[in-house]
Amino acid sequence: MEAMHYAITLPADYDMAIIRARVASKGPLLDDFPGLGLKAYLIREKGVRGSTVNQYAPFYLWASPEGMGRFLWEGGGFAGLVAAFGRPSVRRWAGLSCLSGPSSLSNVRFATLREQAIAADIDPSGAIAEAREQLAIEAVREGSCLSALAVDPTDWKQMVFRLWASEPPEEAGSTYEVLHLSRPGVDGLIAGV
């Protein structure tokens, strides 16, 4: 599993209805994309849920690196985004764990993203084992639909991505509204499925 995210920060007066319409028309195009586990079409709006910016910020869980490559540079859809907004910097993490929650993915309304550095004086294996245990505890929280853990060994940061059916707690991280969820291969990513 590979996790991927990019954020396009838009002007403060940008009409977010444009992004909503874009996602409504283009979101379903990835509902059956080969190699894709899950794509969450995320937005943040200035002044809503503590956001200081307007942002379009999709998040992906890839079942295969080939699927990610097909999307990014083999005409799988990224070119349309680049044509509309310019080419954003794309973040990637190695996926470690993906767990389902008590709420159905059909009920997803929000997503959270939280990053935490793994201190240089800490053994990464211990930190990751502890993060996996914490993810398992958090995954069964009321309103949780899915929880994923990944790490970027470039700067040794772990990232927790979660999908929620209800308003997430503040400590869960930066909160986004989910406009659409493409999930052709998510079942293959979830532990125990």
For region 146-161, what are the residues that are in contact (Cβ under 8 Å) with a residue 60 or more places away in the chain and either closer than 24 Å to VAL48 by Cβ or aliphatic (A, V, I, L, M) (or both)? LEU146, ALA148, ALA150, MET159, PHE161
Identify the single condition in (1) assigned to a helix (DSSP H, G or I); (2) at pLDDT below 95 that ARG20 does not satisfy, given that it satisfies every other one. (2)
Go through region 20-43 and give me each residue that's more than 16 Å from GLY75 (Cβ to Cβ), touching a residue at least 40 places away in the same chain (Cβ under 8 Å) and either among the hydroxyl-bearing types (Ser, Thr, Tyr) or in contact with a helix residue (DSSP H, G or I) (Cβ under 8 Å, 6 or more places away or on another chain) (or both). ARG22, GLY37, LEU38, LYS39, TYR41, ILE43
Looking at region 85-96, is at least one residue surrounded by fewer than 14 Cβ atoms within 10 Å (Cβ to Cβ) and of a type in the set (Lys, Arg)? yes
State whether one or more residues within region 48-58 are under 12 Å from the mean Cα position of the chain (by Cα), closer than 18 Å to PRO184 by Cβ and assigned to a loop (DSSP other than H, G, I, E, B). yes
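A quick yes/no check of all residues on (1) touching a strand residue (DSSP E or B) at 6+ places or on another chain (Cβ under 7 Å); (2) within 22 Å of GLN158 (Cβ to Cβ):
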residue: ALA57; (1), (2): yes, yes
residue: ALA63; (1), (2): yes, yes
residue: GLY67; (1), (2): yes, no
residue: SER106; (1), (2): no, no
residue: THR112; (1), (2): yes, yes
residue: ALA129; (1), (2): no, yes
State which residue is farthest from GLN134 (Cα to Cα) when the search covers only region 92-120 and only residues that are within 16 Å of the chain's Cα centre (by Cα) and β-branched (Val, Ile, Thr). VAL108
Note: among THR9, THR52, just one is farther than 20 Å from SER106 by Cα, free of Cβ contacts under 8 Å to residues at least 12 places away in the same chain and of a type in the set (S, T, N, Q), namely THR52
Pick from region 157-183 the residues that are touching a Pro at 6+ places or on another chain (Cβ under 8 Å) and not charged (D, E, K, R): which of them is surrounded by the fewest Cβ atoms within 10 Å (Cβ to Cβ)? HIS180
Just the residues that are surrounded by 12 or more Cβ atoms within 10 Å (Cβ to Cβ) and farther than 18 Å from VAL90 by Cβ, please, taken from region 1-17. TYR14, MET16
Look through LEU38, LEU29 and report the one residue that is outside any helix (DSSP H, G or I) and not hydroxyl-bearing (Ser, Thr, Tyr). LEU38
Looking only at strands (runs of 3 or more DSSP E) that fall completely inside region 73-156, which ones have 1 or more residues that are touching a Pro at 6+ places or on another chain (Cβ under 6 Å)? 110-117
So, LEU61, is that one closer than 24 Å to ILE137 by Cα and either modelled with pLDDT of 95 or more or surrounded by fewer than 20 Cβ atoms within 10 Å (Cβ to Cβ) (or both) or not? yes
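The values are calculated or read from the model by the stated rules, or taken from the named source; none is laboratory data. In this text the structure is predicted, and so the values were computed from the model without any measurement. So basically every Cβ, Gly included, is an ideal-geometry build from the backbone, and we count neighbours across all protein chains shown.
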